[in-house]
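The structure appears below as structure tokens.
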Amino acid sequence: MDDDRSRGRGGFGVRTGSLRAARAVRRAASAIGTAAADRGRLQWLNEAGDLIGTTLDLGRTAQELADFAVPRMADGAAVDLLDSVLRGGEGDRVAGAGVPLTRAMAVAVIDRLRHLEPDPVGELTSAPTPTYVHQCLTARRPVLVSRIAPDQYESIAPTARAARLMRDAGVHSYMAVPLVARGVLLGAADFVRAGGRASFTPTDLALAWELASKAAVYIDNARLYSRERETVVTLQRALLPRTAPSTPGLRVASDYRPAVDPGGVGGDWFDVVPLPSGRTALVVGDVMGHGLAAAATMGRLRSVARTLLGLDIAPERVLARLDLAARDLEEDQVATCLCAVYDPAERTFRLASAGHLPPLLIDAAGEAAFVDVPAGAPLGAGVIPYDPAITRVPERGRLMLYTDGLVKSREQDIGTRLDRLREAVRGPQPDLSESCALPGVRIDGGADRRFDDAVVLVAESRAFTEGELFVRPLPPDGSAAREARRLVRAQLEDWSLPHLVDVTELVVSELVGNALRYGGGPNQLRLVRHDRLCVEVSDTGPDLPQIQHAPLSAEGGRGLQLINMLCRRWGSCRTPGGKVVWAEQDIAGPATM
């Protein structure tokens with residue numbers, strides 16, 4: 001008995017110990033499995049940081065989130081963002097303020113669910129009745145439907161047809177999580193499972209919420225970056241001229257394109273400034289840098305350049321003054337600039353460059369060559385003076401100015417890119433409209449891969465008609481005033497501008513008298529008729545005239561005061577052989593030829 005009981009107890013004890021050991025093994029195995037699953041989830045979340053937010057584009061970041069969740073976590077995923085976020089707004093900071101307007105941004109599904117009908121990407125969400133996504137957005141809390149009841153599909157799908165398709169496809173589990181970053185609601189993501197796959201659990205919901213929180217930061221970064229880019233582009237466009245002014249003897253077209261890469265926006269500019277005597281100034285510049293600081297510097301330099309050109313200062317002297325201005329703006333802000341002044345009577349460009357790429361000269365036959373302009377130091381470098389170059393343009397020839405964003409490439413050197421640009425613009429030239437297409441598209445074979453701003457300014461010369469330009473030499477003696485008055489009267493009558501004869505005769509008499517007293521005698525009379533009538537007299541004197549107060553007892557000294565009162569504006573500028581003094585008058589009403 002004792003032995004039997006002992007054996008029984010011993011046998012029973014062995015069996016009891018075996019059960020306990022088996023339970024311990026099962027618990028250990030379960031713990032190991034749980035730990036392995038937890039490690040797998042953590043590793044999966046860590047991978048999200050590498051695969052989501054690879055760019056600063058809102059749409060692509062949303063799509064990366066959906067693609068990452070399918071098929072590892074769900075059979076289908078959709079991401080909706082607030083429409084206000086996509087329009088550059090702040091998102092929603094107040095919970096429970098009503099259902100915000102959202103727009104579908106991304107969808108990802110396994111192959112067997114491709115026939116489902118979620119809201120089309122890019123369209124506003126269209127659910128007519130409150131859905132679980134609405135509940136998720138208003139409460140900013142996740143929603144879990146482990147097993148979808150037959151009457152719950154209507155609260156998941158955007159339409160009744162889409163709900164029926166989901167039911168027929170065997171979609172049986174659903175969850176939605178809000179996208180919140182830095183206290184701002186950005187949108188929501190929802191997920192589904194179908195077929196024989198296990199339903200979502202609270203653990204899956206917690207994992208999805210963690211993933212959404214991580215992705216929301218990347219989406220918010222893209223939102224902030226996109227808003228800054230839009231601000232810079234808006235500022236940039238506001239600081240550039242909207243249309244090219246009407247210029248005699250020259251047709252001008254321009255094109256500005258912000259960078260494809262959002263980080264490349266800011267700093268490129270161009271300008272077209274009409275000058276006296278029918279001349280036109282063209283300016284293209286590029287501030288080294290990007291963002292708001294570069295755009296602001298660009299606006300300042302453009303304003304200074306336009307003011308200096310309005311004073312009729314030569315291009316090389318404009319760049320020297322701009323260099324001084326750039327040094328006063330920011331220590332680390334430098335810029336390249338190309339300035340050209342076109343004289344339609346001579347059909348020549350006077351150019352000066354501050355470290356800028358050379359312009360292209362294209363003749364009427366389509367042959368292109370770079371203009372040899374001495375490349376001075378960039379603005380702000382403090383290395384002056386700048387040397388000018390003069391080039392003659394054939395009739396219907398074109399001068400193309402551009403910034404380096406047109407030719408920059410990470411794969412090829414600048415020399416190769418310039419050669420490709422020259423080849424791209426060769427051949428028959430299209431009609432020049434007010435806005436010209438960037439030739440850089442042809443450089444890359446149709447793929448626009450620019451990572452910097454690009455500006456193109458094209459100016460085409462055209463011949464003056466007899467009704468636009470009149471040029472005659474003047475005698476260098478006292479008979480010049482009489483001869484100038486005779487020429488003015490005859491030409492204005494020929495142009496059917498008799499109402500301007502008296503004033504113009506008086507003006508030209510004063511200009512010739514000034515040349516006789518202070519300029520060694522007049523050289524040439526020029527009349528230019530375009531939007532206004534401009535009369536100018538050139539001489540060999542270096543001193544520019546200025547208005548001075550004349551004593552009451554003085555017999556002279558009031559000529560410039562008289563011109564200042566009778567004309568819209570007047571001015572003077574130095575030339576290689578002396579100077580030119582000019583005056584402009586408005587042409588009242590259309591003149592008949």
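The values are calculated or read from the model by the stated rules, or taken from the named source; none is laboratory data. The shown structure was predicted, so the numbers you read here are calculated from the model rather than taken from an experiment. All Cβ positions, even for glycine, are placed from backbone atoms using ideal geometry, and neighbour counts span all protein chains on display. Keep in mind that these areas ignore ligands, DNA and RNA; they rest on the heavy atoms of the full protein, side chains included. Shrake-Rupley method; radii C 1.70, N 1.55, O 1.52, S 1.80 Å.
Some observations on this one:
- Approximating the spin labels as points 7 Å out from Cα along Cα→Cβ, the residue 531-to-residue 566 distance works out to 2.4 nm.
- Applying D = kT/(6 pi eta Rh) to segment 451-514, where Rh is the Kirkwood radius over alpha-carbon pairs, T corresponds to 4 °C and eta to 1.567 mPa s, the Stokes-Einstein value obtained is 90 µm²/s.
- Taking only protein heavy atoms and a 1.4 Å probe, the accessible area of segment 141-222 is 53% carbon and sulfur.
- Considering all different alpha carbon pairs of segment 167-315, the Kirkwood hydrodynamic radius works out to 19.8 Å.
- Hydrodynamic radius (Kirkwood) for segment 238-381, which is based on Cα pairs only, to one decimal in Å: 15.7
- Extension gain (nm, one decimal) between residue 482 and residue 392, 0.36 nm per residue minus Cα-Cα: 29.0 nm
- A crude spin-label estimate for the pair residue 502 and residue 346, with each label 7 Å from Cα along the Cβ direction, gives 3.7 nm.
- Accessible area of residue 302 in the full protein assembly, 1.4 Å probe (Å², nearest 10): 40
- Here residue 413 and residue 363 are evaluated by their C-beta separation; at R0 = 25 Å the FRET efficiency comes out at 0.35.
- Once both labels are positioned 7 Å from their Cα atoms along Cα-to-Cβ, the gap between residue 54 and residue 246 label points is 5.4 nm.
- Solvent-accessible surface (1.4 angstrom probe) belonging to residue 209, in square angstrom, nearest 10: 80
- Of the solvent-accessible surface of segment 318-430, computed with a 1.4 Å probe over protein heavy atoms with every protein chain present, carbon and sulfur atoms account for 47 percent.
- Our estimate of slack between residue 151 and residue 227, defined as 0.36 nm per intervening residue step minus the Cα-Cα distance, is 23.2 nm.
- The calculated pair-distance distribution of segment 169-209 uses every alpha carbon pair, bins of 5 angstrom beginning at 0, and gives 6, 22, 25, 19, 14, 7, 5, 1 percent.
- Mean projected area (nm²) of the alpha-carbon convex hull when segment 99-209 is viewed from all directions: 6.9
- In this view, the solvent-accessible surface of residue 499, computed with a 1.4 Å probe and all protein chains in place, comes to about 100 Å².
- Heavy-atom accessible area, probed at 1.4 angstrom with all protein chains present, ranks 390, 587 as 390, 587, highest first.
- The length gained on full extension between residue 494 and residue 372, counted as 0.36 nm times the residue separation minus their Cα-Cα distance, comes to 39.8 nm.
- Placing +1 on the Cβ of every Lys and Arg and -1 on the Cβ of every Asp and Glu, with nothing else charged, gives segment 109-232 a dipole about its Cα centre of roughly 200 debye.
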